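First comes the structure, then the notes that go with it.
The values are calculated or read from the model by the stated rules, or taken from the named source; none is laboratory data. These numbers were taken from a predicted model, which means no experiment stands behind them. With ideal geometry, Cβ positions are generated from the backbone for all residues, glycine too; neighbour counts draw on all protein chains shown. The area values use the complete protein model at the heavy-atom level, side chains included, leaving out ligands, DNA and RNA. Shrake-Rupley method; radii C 1.70, N 1.55, O 1.52, S 1.80 Å.
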Amino acid sequence: MNLIINNLSKTYSNGVKALQNVSLDIPTGMFGLLGPNGAGKSTLMRTIATLQEADTGTVSLGNLDVLNEKHEIRKILGYLPQQFGLYPKISAEVLLNHLAVLKGITNVSERKEVVKALLHKTNLYEKRKQNLGGFSGGMKQRFGIAQALLTNPKLLIVDEPTAGLDPMERNRFYNLLSELGENTVVILSTHIVEDVKELCTNMAIINNGHVLLKGNPLDVIADIEGKVYQKTIHKNELENYKKDYTVIADKLFLGKPIINILSDNDPGHGFSAIPSGLEDVYFSQIFNNRG
Ligand code: ADP
């Protein structure tokens, strides 16, 4: 069951074109939606999650018309927004139980089972009596996934989930996401390239409301293989290099600036070829699309 987005557009009342003819065919499994802040990721996520309207375009999941059959979609949708409020003085178990009631799991013993299973799945069972106010960022995100899974969703939308998590919490969260069934369409929006590289079988890069590239991460990396060159330079040379080459990344390595450039041919001048990575793909797309 694929999620098919066709020519979706949205212009906010202030004139910002957040989505411009976005079309994507998203199969089950993990799909990474990558783009810088302001690219339109949240607008797309919120539209698919039936929380806001598009101006034009269609979205379907199997036979369901997502934008018009909101009630039906909500029954099979799990959504973890970028920020969500938690009642700080309630325990994880009590809140999850309460949310399960709201989701319509009215049978008491069934609800107990579901809540217990989700607390185990998200590794929060030991902490179930603890008030949510004392949870770490990673624990809060895992609680967010637990509540998103209450409906056993066919479509799970996770908006920038790893922002603010430390590396260990991020790993735990990655593991949890990658365990989710292969029968679910999981859309993960992020500006962290690493998230997509680790987790996703399909991806798209968006910027300024446009889809710049879509495909399988390994394929898009292979497409620029042999075109990425690297050189250590002096700090004051960066601007000149930017004029002469397609500089797609500049970073510090052991305190010295290193640049990655994109070139069809060997540029010489002390550059050496390096294996391409998803970051190179990402930055070259954003570079080409800069306004
Ligand atoms: P992302 O999630 O990729 O950071 P968003 O979808 O939040 O991007 O935003 C896309 C663009 O739309 C940005 O320029 C943002 O400022 C603008 N935008 C988002 N929400 C609104 C809104 N409610 N009203 C006006 N402009 C908005």
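Values for this structure:
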read-out	value
Entries of Lys89/Lys116; Lys10/Lys214; Lys70/Lys214; Lys121/Lys197; Lys17/Lys227 with Cα pairs more than 31 Å apart	Lys17/Lys227
Accessible carbon and sulfur surface of region 3-216 relative to its total accessible area, %, 1.4 Å	47 percent
Dipole moment magnitude, nearest 20 debye, the chain about Cα centre, only Lys, Arg, Asp, Glu C-beta charged	1120 debye
Under 20 Å from the Cα of Lys235 - lysines, other chains or at least 8 residues apart	Lys243, Lys251, Lys256
Coil-residue GluC sites (Glu not before Pro) of region 213-250, DSSP, other Cβ within 10 Å capped at 15	Glu225
Eligible aspartates and glutamates near Lys242 by straight Cα distance, threshold 16 Å, same-chain separation 8 or greater	Asp250, Asp280
In sequence order, calculated HN-Hα J values of region 224-234 (Karplus, 6.51, -1.76, 1.60; Hz; x Gly/Pro)	10, 4, x, 10, 9, 10, 10, 7, 8, 10, 9
Glu72 accessible area, assembled protein chains, probe 1.4 Å, Å²	80 Å²
Accessible surface, per residue, of region 226-274 when the full set of protein chains is kept, probe 1.4 Å, Å²	66 Å²
Per-residue HN-Hα couplings for region 25-30 [Karplus 6.51, -1.76, 1.60; θ = phi - 60°; Hz; x = Gly/Pro]	10, 10, x, 5, x, 8
The chain, relative contact order in percent, only Cα pairs under 8 angstrom and at least six apart counted	21 percent
Portion, in percent, of the accessible area of region 226-274 that falls on carbon or sulfur, probe 1.4 Å	49 percent
Overall Cα dimensions of the chain, principal axis frame, Å, largest first	71, 43, 36
Bridge type composition, the chain - antiparallel percent by DSSP, nearest 5	65 percent
Gained length - Ser272 relative to Asp223, 0.36 nm times residue gap less alpha-carbon distance	15.8 nm
Difference of contour (0.36 nm per residue) and Cα-Cα distance, Glu237 to Lys251	3.7 nm
Region 252-287-region 153-231 distance, computed between alpha-carbon centres (Å)	21 Å
Mean Cα-pair separation over length for region 226-274, i.e. relative contact order, pairs under 8 Å, 6 or more apart, %	54 percent
For region 3-216, accessible area per residue (1.4 Å probe, heavy atoms of protein chains only), Å²	47 Å²
Lys/Arg +1, Asp/Glu -1 at C-beta; region 226-274 dipole; positive extreme among Leu252, Ser263, Ile274	Leu252
For Gly29, distant residues with modelled amide H under 5 Å away	Thr184, Val185, Val186
